[in-house]
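As structure tokens, the structure follows; a few thoughts come after it.
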């Protein structure tokens, strides 16, 4: 009987509501907040415009609700109107929207019967909302451009961020899926995506400690009322599946949808948002005047380097030995140090051990050393350390897409070039806002026309990633690169368009503003002059990047030897001069040689590069 | 606030056995503090996909795989410190006498902003007692923190 009664009431109420207010309901279904609550595609992506992004029957109260916001509105009115409706507990934000829009104001505590929801809301009171942007992480395909999540702080108290909650949208992958499979399904669709709520402290550990990513935190200026909308709606998304697409319907996009619920009527969901990358999400928030301030949270590796820089070289060596044997602190050599220096050396040693073993099992010996080092830290007074200076935040970097116009000469023949790069940054572009020495390029196209010739494809990189991670006494990361696409190279008696895939590990160091590096190169190549279809080659490439006075210099030399006894080598020098945030001049001179090359060929080119979007 | 510590102490005693049980590793007051984070199961999948691996949770638990700290979390989040790696952050901050993890711990215990500095001092001064050996567990440390606070005139009011 108890279940029947509400239905009965609803049925009785329905005709009056739907007939009397029919035109209003049509209008109400067009309300920006209703559309936001249903996650209706308002034109930002191609799939299913006007329909909801949600791929889950549990989210809709009408069988056609995904496609018909108005039908869903009517069904919601019907289901949420009865005072003890269990649906209210699933859709508190929808309920509030309807109650406020339709004047259901008679009830004092309309959600009093929703125990689980009430408990949850108590746990996440929420007073401040922060957009969190862990910077790029090249070693993971999904994080190359960074990632975004929201953080809910329970009060305005700085210093309790560790107790905050993180709202994360991610693909739900099975643990046994491997990385390649993930990339395929991530691009093609096929993973369900869900929101989850986890302690922010856990995210700090994941990003800042395990992955060594700097984290940028953008405080939003949401009013308490707007935050309340966001949280009430978040509850409606519990266990609800969205489709996850790496390129468009990704984490960044979904978070914008949440913010649209909090403050409807933003433009950021109306424009074309294909391949939304996190830095542009941050820019969108700035454009919508939602950012109240930002904060930089350095990774553990940055912290370690910062402390290390306070020690001179002999002291660094002492710190390194202390990590292997903390008992050395009792020897005369260490006792001679200032107590503050010993504190610093021990903390560097401790952080080094934690960093070095962050992915390994810890044995009894390591535990002992960790504790012993902390004892030394504890017994010696802490020195005054200068604050870690924040780098330029990512949203102040150059635009993500680029076009370039180039003039140049190869040997005695002049040429002009047009270039377009879909995304994102190469390691000689203006580095403000980017991680120095990291380059990610996707779809990089160059069309070249020589004098008295027709335009021809000179280069089409599908992907090119270079990660330079400098090594020092304490940190010993491996650099790497991968590069695949088409390029014009000497094969047989002339230059031909070759199809190639190459990559390899490398080592890099940092000497002041210079980053010398060396890579091993493994290359697969297909061209119309060589048999068989695919040739393998191996080689080496060495170079140096130099950043000074706002300019970026790059020099390199290297060669590849192929299994058919052919070889090629190239040396080059590049200077990049940023003129403004989105403008740069680039000059490059290179020399290429090959077997029987008769001296090889030299090329010079000068480009004007313009960044946008 | 007494309840918080009662719950924590209780868990400290009873979860010890469960820490190595199936579904339980990587979480709980029974974990050794200086064990690092290798057991944090979330990290592998997080590395690959920036996300969760099949058992995303929504608030009622802490969200780490196999680590249900729902009860203490309801008490201002001190249960967070049962999660692997967290107490080591506290240890590090305690050695120095300041830091975000230590601040968070004091906040989770309801210590008023004006007394947090004092709390940190007391912790710092008693580092050796709190972290007496390399096999100390999160639960044991939590219990000692409570004892220290009880002995302190100002902090006793928060226990």
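Please treat every number below as a calculation from the coordinates, not as lab data. The structure displayed is predicted, hence computed values, not measured ones. Methodologically, a virtual Cβ is constructed for each residue, glycine included, from the backbone with ideal geometry; neighbour enumeration extends over all protein chains shown.
Observations on the structure shown:
- The angle between the Cα long axis of helix A:364-379 and the longest principal axis of the Cα atoms of chain A comes to about 90 degrees, rounded to the nearest 10.
- Potential lengthening between residue A:267 and residue A:58 on full extension [0.36 nm per residue; Cα-Cα distance subtracted]: 72.4 nm
- Inter-part distance where the stretch A:547-613 and the stretch A:439-510 are each reduced to a Cα centre, Å: 11
- Within the stretch A:301-325: backbone nitrogen closer than 14 Å to the residue A:368 label point (7 Å, Cα to C-beta): A:324-325
- For chain A: rounded, prolate or oblate by the Cα gyration tensor [a/c cutoff 1.5]: oblate
- Mean Cα-pair separation over length for chain A, i.e. relative contact order, pairs under 8 Å, 6 or more apart, %: 8
- Chain A: angle of helix A:92-102 to the longest principal axis, Cα-based, in degrees nearest 10: 50
- Length-normalised contact order of the stretch A:300-379 in % [C-alpha pairs under 8 Å, at least 6 apart]: 39
- The alpha carbon radius of gyration of the stretch A:273-384, expressed as a multiple of 2.2 N^0.38 Å, is 1.48.
- Calculated [θ] (222 nm, deg cm²/dmol) that DSSP helices of n ≥ 4 give over chain A, each run adding -39,500 (n - 2.57): -8500 deg cm²/dmol
- Residues in the stretch A:457-484 reached by a label modelled at residue A:501 [backbone nitrogen below 20 Å; 7 Å Cα→Cβ]: A:459-467, A:480-484
- Segment residue A:606-residue A:524, extension gain: residue separation times 0.36 nm, minus the distance between their alpha carbons: 26.5 nm
- The stretch A:397-612: C-alpha gyration tensor shape, a/c 1.5 cut-off, then a/b vs b/c: oblate
- With both labels modelled 7 Å from their Cα along Cα-to-Cβ, the residue A:361 to residue A:379 distance reads 3.2 nm.
- Which of B:157, B:94 has the fewest Cβ neighbours within 10 Å, and the rest in rising order: B:157, B:94
- Treating r as the C-beta distance of residue B:135 and residue A:553 and R0 as 56 Å, the FRET efficiency rounds to 0.60.
- Computed from label points 7 Å out along Cα-Cβ, the spacing between residue A:580 and residue A:100 is 4.1 nm.
- Between helix A:313-324 and chain A: long-axis angle, C-alpha atoms, 0 to 90°, nearest 10: 60
- Within the stretch A:423-579, percent of DSSP bridges classed antiparallel, to nearest 5: 95
- Residue list for the stretch A:574-590, given a label point 7 angstrom along the Cα-to-Cβ vector of residue A:513 and an amide N cut-off under 13 Å: A:576-578
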